[in-house]
Amino acid sequence: MKEFIKKLPKAELHIHIEGSLEPELMFTLAKRNGVDLPYANIDEVKQAYQFDNLQSFLDIYYQSAAVLITEQDFYDLTWAYLKRCEEETVIHTEIFFDPQTHTDRGIAFATVINGINRALNDAQQQLGISSVLILCFLRHLSAESAMNTLQQALPFKQYIGAVGLDSSEVGHPPEKFQQVFESAIAAGFLTVAHAGEEGPPQYIWDAIDLLKVSRVDHGVRCIEDPKLVEHLRERQMALTVCPLSNTKLKVFENMSEHNILQLLEQGLAVTVNSDDPAYFGGYLNQNYLALHESLGMTKAQAVILAQNSFTASFVTAQQKQKFTKQLRLYAAKEG
Ligand code: HPA
Ligand code: ZN
């Protein structure tokens with residue numbers, strides 16, 4: 001199964017690039033930029049990565065991002081992730097970035113996006129990996145700050161496919177960002193939002209109705225509202241589910257309690273993703289493998305999950321067909 005997953009052509013649709021910052025690169029960048037870290041060594045970093053909930057993770061995640069200063073830092077971060085994609089047969093990836101985490105520390109928006117974008121271009125040229133970049137607004141900050149960030153993004157519009165919403169969910173409902181999302185849609189962006197990770201099913205309804213999202217990030221708490229489950233199924237609204245993240249942040253106590261295959265069997269368009277792989281114990285294939293080991297995911301289910309990742313991606317119909325063909329060939333040979 002491990003080998004089957006490794007070579008399975010797939011897309012990743014929920015990865016925060018700042019969450020792919022491995023401790024080794026964190027130390028390298030800290031040294032390069034003269035930034036003090038609250039850790040003496042990599043063991044201490046790994047010790048610190050024990051979380052009770054989303055907020056306990058976010059506190060550490062934002063702190064670590066302080067080592068990212070230059071355009072080259074953002075390039076190196078993104079390139080390291082893309083090399084992992086190559087190893088894991090992730091042939092397409094849709095990457096979140098959090099500009100406010102950086103602009104609030106005085107790093108220019110252009111520094112962030114130019115570094116990331118250069119790595120994405122190199123990945124297309126050198127590794128054959130395609131990508132879409134998604135700008136996320138931090139929901140614990142004000143709507144005004146989000147609107148200001150959207151303005152800063154407009155000169156780089158050709159690099160960005162969609163806007164999203166991440167950070168502390170509970171207490172920061174979708175309606176807080178309705179106007180920002182309206183402006184983003186008017187500017188030509190697609191929209192997504194984290195909803196129903198820790199927040200209630202109502203936040204999923206509101207992400208769909210108020211923010212007009214094309215996908216829901218996480219969304220696992222939909223299961224508490226049968227009408228919502230039916231709505232998601234009917235609309236084939238994709239959920240970008242992150243199994244290892246959900247267990248590390250205690251959305252589910254154990255992987256054996258995760259509901260992703262239950263949702264899949266009910267006909268929902270669920271996908272598998274890594275969220276913040278450097279913090280949650282694994283990249284995309286580790287997430288697929290965990291579903292096999294703890295929930296008995298079969299090869300046939302893995303193929304459907306991979307198909308869902310292509311169907312729910314933000315590429316042209318022609319590109320989706322190309323991905324699907326590659327997956328079908330693989331499944332026919334190895335499935
Ligand atoms: N939820 C909200 N914000 C985030 C996450 C997440 O899982 N990962 C990085 N920022
Ligand atoms: Zn996320």
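The values are calculated or read from the model by the stated rules, or taken from the named source; none is laboratory data. All values derive from a computational prediction rather than experimental measurement. Here the Cβ positions follow ideal geometry from the backbone for every residue, glycine too, while neighbour counts run over all protein chains shown. Remember, those area values only see protein heavy atoms, side chains included, never the ligands or the DNA or RNA. Shrake-Rupley method; radii C 1.70, N 1.55, O 1.52, S 1.80 Å.
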Point to revise | Largest-first principal axis extents of the Cα set of the stretch 86-154 (Å) | key: 39, 20, 20
Exercise for review: Work out the FRET efficiency for Gln321 and Glu257 from their Cβ-Cβ distance, taking R0 = 35 Å, and round it to the nearest 0.05.
Suggested key: 0.45
Check your understanding: Top mean-square fluctuation among Phe57, Phe181, Phe137, Gaussian network model of the chain, C-alpha springs under 10 Å?
Key -> Phe57
Review point. For Arg233 and Ala108, what does the FRET efficiency come to when R0 = 30 Å and r is the distance between their Cβ atoms, rounded to the nearest 0.05?
Key: 0.10
Practice item. Determine how large the accessible area of Phe310 is when every protein chain is in place; take a 1.4 Å probe and give Å² rounded to the nearest 10. Key: 0 Å²
Revision key, fill the gap. Given pairs Lys157/Lys212; Lys248/Lys322; Lys248/Lys320; Lys2/Lys320 and cut-off 29 Å on Cα-Cα distance, the over-length ones are Lys248/Lys322; Lys248/Lys320
Revision key, fill the gap. To the nearest 20 debye, the stretch 2-334 has a Cα-centred charge dipole, built from +1 on Lys and Arg Cβ and -1 on Asp and Glu Cβ, of 1260 debye
Check your understanding: So for the pair Ala332, Glu224, with labels modelled 7 Å out along Cα→Cβ, what separation do we get in nm?
Key -> 4.5 nm
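So with the 1.4 Å probe, I'd like the accessible area per residue for the chain, rounded to whole Å². Before the final figure, lay out each step's value.
Values: 13300 Å² over 335 residues.
Using a 1.4 Å probe on heavy atoms only, each residue of the chain averages 40 Å².
Tell me what the chain gives for mean residue ellipticity at 222 nm when only DSSP H runs of n ≥ 4 count, each as -39,500 (n - 2.57), the sum divided by the residue total, rounded to 500 deg cm²/dmol. Walk me through the intermediate numbers first.
Numbers: 17 runs with 169 residues, N = 335.
Calculated at 222 nm, the ellipticity per residue is -15000 deg cm²/dmol.
I want the antiparallel fraction of DSSP beta bridges within the chain, as a percent rounded to 5.
Just about 0 percent of them are antiparallel.
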Check your understanding: Given labels modelled 7 Å from the Cα in the Cβ direction, how far is it in nm from Ile304 to Gln126?
Key -> 3.9 nm
Point to revise | Pairwise FRET efficiency - Lys250 versus Glu175, Cβ, R0 = 22 Å, nearest 0.05 | key: 0.25
Review point. Straight-line reach from Lys333: which aspartates and glutamates have Cα under 14 Å away, leaving out those fewer than 8 places along the same chain?
Key: Glu3
Exercise for review: Please report, in whole Å, how far the alpha carbons of the stretch 2-334 spread along each principal axis, starting with the longest.
Suggested key: 50, 42, 40
Check your understanding: What nm value, rounded to one decimal, do you get for the distance between Asp209 and Gln151 when each label is placed 7 Å out toward the C-beta?
Key -> 3.2 nm
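Report in % the part of the accessible area of the chain that belongs to carbon and sulfur, leaving out ligands and nucleic acids; probe 1.4 Å.
Values: 6440 of 13300 Å².
Reported share for carbon and sulfur atoms: 48 percent.
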